[in-house]
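First up is the structure itself, then whatever we jot down about it.
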Amino acid sequence: MYIPKHFKETDEQEIERFIRENSFGIIVSVQDGLPIGTHIPFMVENRNNELILRAHISRANEQKASLIDGTDVLIIFNGPHTYISSTWYESNEVPTWNFLAVHAYGTLRLINDEELHKSLSDLVRTHEGEGGHTIESYTDEHVRKLMKGVIGFEITVREIQTKYKLSQNKNEADREGVYKGLEERDDEQSGQILEEMKKEQKRKKLK
């Protein structure tokens, strides 16, 4: 991913937070010489100082042919994004797009049934919340039957590229103009980018 120095994020805790909060990613592999991708939810785990991503896909998904032990894959996690109007700048600039994204590169390992069962259980528990629904509410026989329809795997991440494009390369007057412009919008994405911009400036001052 192309990352100018102004937009590069290196804080490991911040990056992990981002992945956890935007865990519906895209797994990309190469099959028959062409890239192929699937949108799936991931579980994030820190294990022995390594970042591990756990997930599964349907056995009916053709991408399964390229997801074998030792395969190198790319996982893309997208955050909020929005158009930035050039009319918001004090200086003579062109419009752009502010966004947050993480690319995680790693090696895939297929997991066994017990590991898959735990991964599915953790996934449901995480998103249902404390006291919510769990897969344990089903009979084990039913869960095992459903598990036959999916393939589970985990990815050991070896490289992460993170781009937080939040007007860091603009002067204070231009950033204030962007704040004002975003505040006048009522869509969720603009509000999220505004929040991320302010958080970025606060973190920058603390460094």
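Read-outs throughout are calculated quantities, based only on the coordinates presented, and are distinct from any laboratory measurement. In this text, all values refer to a predicted model and were calculated from it rather than measured experimentally. Note: ideal-geometry Cβ built from the backbone for every residue, glycine included; neighbour counts use all protein chains shown.
Data table
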quantity: Residue selected from the stretch 22-44 under the condition free of Cβ contacts under 8 Å to residues at least 40 places away in the same chain and not hydrophobic (A, V, I, L, M, F, W, C), by the criterion surrounded by the fewest Cβ atoms within 10 Å (Cβ to Cβ); calculated: 33
quantity: Residue check for residue 60: loosely packed, with under 15 Cβ neighbours inside 10 Å, aliphatic (A, V, I, L, M), farther than 30 Å from residue 179 by Cα and touching a strand residue (DSSP E or B) at 6+ places or on another chain (Cβ under 7 Å); calculated: no
quantity: Of all residues making up the stretch 163-177, the number that are out of contact with any Leu (no Cβ under 8 Å at 6 or more places or on another chain) and either crowded, with 20+ Cβ neighbours inside 10 Å or of a type outside the set (S, T, N, Q) (or both); calculated: 8
quantity: Given (1) touching a residue at least 60 places away in the same chain (Cβ under 8 Å); (2) surrounded by fewer than 19 Cβ atoms within 10 Å (Cβ to Cβ), index of the condition residue 159 fails; calculated: (1)
quantity: Candidates 126, 82 - the one that is part of a helix (DSSP H, G or I), within 18 Å of the chain's Cα centre (by Cα) and either in contact (Cβ under 8 Å) with a residue 12 or more places away in the chain or closer than 13 Å to residue 154 by Cα (or both); calculated: 126
quantity: Output for the stretch 186-207, where each listed residue is without any contact (Cβ under 8 Å) to a residue 12 or more places away in the chain and either assigned to a loop (DSSP other than H, G, I, E, B) or buried (at least 19 other Cβ atoms within 10 Å of the Cβ) (or both); calculated: 186, 207
